[in-house]
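Peer 1: Please see the structure below; I have some questions.
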Amino acid sequence: MVDDAVMGMAERRRASAGQFDAAVLLSEMDAGAIDACTSYVSAEAYLSPQLFAQEKSRIFGKLPIAVASAKELPQPGSYLSIDIAGLAVVLTRNKAGEVKAFLNACSHRGARLAEPGASECALKISCPYHAWTYNLDGKLIGVPRQELFTDFDKAAYSLKALPCREAGGLVWVSLDPDVAVDDDSIGRELIGDFDAIGLGDMRIFRAQNFEVAANWKLIEDAFLEGYHVIRLHAKTLARFFVDAPQSIERIGRHLRQSSGSRRGFNRADVSPVWDELRKSVVYAYIAFPNVVVVTSPAYVSLMFTSPVSADRTYIRYMMMVDGKGDVPEQESLYERSYALMSEAFGNEDFRAAELSQKGLETGALKALTLGGMEQGVRRFHDIIEEFVHAEGATSR
Ligand code: FES
Ligand SMILES: [Fe+2]
């Protein structure tokens, strides 16, 4: 009997120590008591093209960034073409099953090899222009009429590789070829949390792309505070939530926020088993700088934001779920959840980001004011500022 119980626990994924401790802390907080506090973020943070350029070079250009779900490259031979902060990158999964990243430029005359969003399963990638062909390790393997080139060494024409690693169910890439992408530079605690969530074992239920006329940080901000939830989302998500204290922790350069669900919870609800814990606590992560992961009892929202300019952001959203898709009731629950999230994110959070951008562009505000339920936003901007001001920073 005891053995059965222990066996059952062993088979079920355990929450990470950090997730568990945050839930314990939350269960000890007085649900009605939210600390009052005021802080500010400069309006320039969202408007300045100079600052945007610094963020691109000192943050996006210097750190390992999560760019895709590992499930977007489901098998050897898969490839995916994406933009990361305006730079065209192609990801592949080679014959050995390893994920590789390359600058998405043909080594003949520079053409982008695949359109953004193109994803396929093939054993090679062929340039649409003159049909030079590469294998999934980026090696040039085919040149039509090769005899027409003199002194030609195919080996010198491989695609330009970027450091890349699969961890916590995500694909991480550094746009700087000299920055190592490993568990330490990504952040072991964050990887541990994503492994506990099971991100790498889930499947992509549906995905949707958005183009939002707002600075990328306005998108992140919406996932860093609970103040708007029952107000902006009055018609969609409000029924699941109440104003409540949150626990916000910095894990390395990343952020983990934990909050209770509407029905409230106490110490007895804090289970070490992930599937139990996720029923009472919502965990929202910023995998710094630009990836949002939000848990819920039934699914996980995964969002990759890619800054295009100071006032434009491209977003790839996907809903990750468990199971093989063979339980009709479960699928219809996912379907309803997807419709709700798509509405709440697309027409509410992203819309609010666009309204904020427009309002800030009037110049009416020098600074944005953050109250007791919005301090996660300030924490996020503190980390941004650290990296923008730290010359030569790589990771921490
Ligand atoms: S530019 Fe790619 S084959 Fe010519
Ligand atoms: Fe929201």
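Coordinate-derived values only; no laboratory data. What you are looking at is a predicted structure, and each value in this text was computed from that prediction instead of being measured. Here the Cβ is made from the backbone with ideal geometry for all residues, glycine too, and neighbour counts use every protein chain on show.
Peer 1: Count neighbours as other Cβ atoms within 10 Å of each site's Cβ, and list the trypsin sites (Lys or Arg not before Pro) in segment 345-387 that are DSSP loop with at most 16 such neighbours.
Peer 2: LYS366
Peer 1: Ok, one more. Within straight cross-link reach of LYS235, meaning Cα distance under 14 Å, which aspartates and glutamates are found once same-chain residues fewer than 8 apart are removed?
Peer 2: By straight Cα distance, LYS235 reaches GLU343, GLU348, ASP349.
Peer 1: Restricting attention to the chain, give the cysteines that have no other cysteine Cβ less than 4.7 angstrom from their Cβ.
Peer 2: Cysteines of the chain left without a disulfide-compatible partner: CYS37, CYS121, CYS164.
Peer 1: How much length is gained on full extension from PHE241 to ASP184, taking 0.36 nm per residue of separation minus their Cα-Cα distance?
Peer 2: Separation in residues times 0.36 nm, less the Cα-Cα distance, equals 17.0 nm.
Peer 1: If I fit a long axis through the Cα atoms of helix 2-11 and take the longest principal axis of the Cα atoms of the chain, what angle between them do I get, 0 to 90°, rounded to 10?
Peer 2: Between helix and principal axis, roughly 50 degrees.
Peer 1: Which aspartates and glutamates have a Cα less than 19 Å from the Cα of LYS56, not counting those fewer than 8 places away in the same chain?
Peer 2: Qualifying aspartates and glutamates at Cα under 19 Å: GLU44, ASP83, ASP176, ASP178, GLU211, GLU220, ASP221, ASP311, ASP382, GLU385, GLU386, GLU391.
Peer 1: Is segment 172-280 rounded, prolate or oblate when judged by the Cα gyration tensor, a ≥ b ≥ c being the square roots of its eigenvalues, rounded requiring a/c under 1.5 and prolate requiring a/b larger than b/c?
Peer 2: oblate
Peer 1: Follow-up. What is the sum of charges around ALA15, taking Lys and Arg as +1, Asp and Glu as -1, for the other residues whose C-beta is under 14 Å from the C-beta of ALA15?
Peer 2: Summing Lys/Arg as +1 and Asp/Glu as -1 gives -1.
Peer 1: Using 1/(1 + (r/R0)^6) with R0 = 22 angstrom and r between the beta carbons of GLN75 and LYS139, what's the FRET efficiency to the nearest 0.05?
Peer 2: Numbers: r = 20 Å, r/R0 = 0.89.
After rounding, the FRET efficiency stands at 0.65.
Peer 1: Here is a follow-up. To the nearest 10 degrees, how steeply does helix 375-389 sit against the main Cα axis of the chain, on a 0 to 90 scale?
Peer 2: Helix 375-389 sits at roughly 30 degrees to that axis.
Peer 1: So which lysines can LYS95 reach, going by Cα to Cα under 26 Å and dropping same-chain residues fewer than 8 places off?
Peer 2: Qualifying lysines at Cα under 26 Å: LYS71, LYS124, LYS139, LYS154, LYS160, LYS324.
Peer 1: Please list, by residue number, every one of the trypsin sites (Lys or Arg not before Pro) in segment 135-193 that is coil in DSSP and has at most 11 other beta-carbon atoms within 10 Å.
Peer 2: Numbers: sites: LYS139, ARG145, LYS154, LYS160, ARG165, ARG188; in loops: LYS139, ARG145, LYS160.
Counting only loop positions with at most 11 other Cβ atoms within 10 Å, the trypsin sites (Lys or Arg not before Pro) in segment 135-193 are ARG145.
Peer 1: For ALA68, list long-range residues whose amide hydrogen, built 1.01 Å from N in the peptide plane, is under 5 Å from its own amide hydrogen.
Peer 2: Here the answer is VAL171, since their amide H atoms fall under 5 Å of that of ALA68.
Peer 1: With a cut-off of at most 10 other beta carbons within 10 Å, and DSSP calling the residue loop, which trypsin sites (Lys or Arg not before Pro) in segment 1-110 qualify? Please list them.
Peer 2: Numbers: sites: ARG12, ARG13, ARG14, LYS56, ARG58, LYS62, LYS71, ARG93, LYS95, LYS100, ARG109; in loops: ARG12, ARG13, LYS62, LYS95, ARG109.
Qualifying residues, ordered by number: ARG109.
Peer 1: Run lengths n ≥ 4 of DSSP H only: what is the helix-derived mean residue ellipticity at 222 nm for the chain, with -39500 (n - 2.57) per run over all residues, to the nearest 500?
Peer 2: Mean residue ellipticity, 222 nm, calculated: -7500 deg cm²/dmol.
Peer 1: Something else about it: Rounded to the nearest 0.05, what FRET efficiency do ASP35 and LYS160 give with R0 = 45 Å and r taken as the Cβ-Cβ distance? Could you check?
Peer 2: 0.35
Peer 1: Next question, about the same structure. With a/c under 1.5 counting as rounded, go ahead and sort segment 22-122 into rounded, prolate or oblate using the C-alpha gyration tensor (a ≥ b ≥ c being the square roots of the eigenvalues; past the cut-off, prolate if a/b is larger than b/c, else oblate).
Peer 2: Note, shape of segment 22-122 comes out oblate.
Peer 1: Which whole-number percent gives the relative contact order of segment 65-178, counting Cα pairs below 8 Å spaced six or more residues apart?
Peer 2: Numbers: 245 pairs, mean separation 31.5, N = 114.
Over segment 65-178, the number comes to 28 percent.
Peer 1: Suppose R0 equals 35 Å; then what is the FRET efficiency for VAL273 and ALA364 from their Cβ-Cβ distance, rounded to the nearest 0.05?
Peer 2: The value I calculate is 0.10.
Peer 1: At 0.36 nm per residue, and after removing the present C-alpha to C-alpha distance, how many nm does the segment from ASN266 to ASP151 gain when stretched out fully?
Peer 2: Full extension from ASN266 to ASP151 adds 34.1 nm.
Peer 1: Per-residue HN-Hα couplings for segment 326-342, Karplus 6.51 cos²θ - 1.76 cosθ + 1.60 at θ = phi - 60°, whole Hz, x for Gly and Pro?
Peer 2: 10, 10, x, 5, 5, 4, 6, 5, 4, 4, 5, 5, 4, 4, 5, 5, 4
Peer 1: Would you work out if segment 65-178 is rounded, prolate or oblate? Take a ≥ b ≥ c from the square roots of the eigenvalues of the alpha-carbon gyration tensor; rounded if a/c is under 1.5, else prolate when a/b is larger than b/c, oblate otherwise. All intermediate terms of the calculation are to be shown ahead of the outcome.
Peer 2: Details: a/c = 1.95, a/b = 1.75, b/c = 1.12.
Prolate.
Peer 1: By how many nm would the segment from ARG206 to VAL24 lengthen if fully extended, with 0.36 nm per residue of separation less the alpha-carbon distance?
Peer 2: Taking ARG206 through VAL24 to full extension adds about 62.2 nm, to one decimal.
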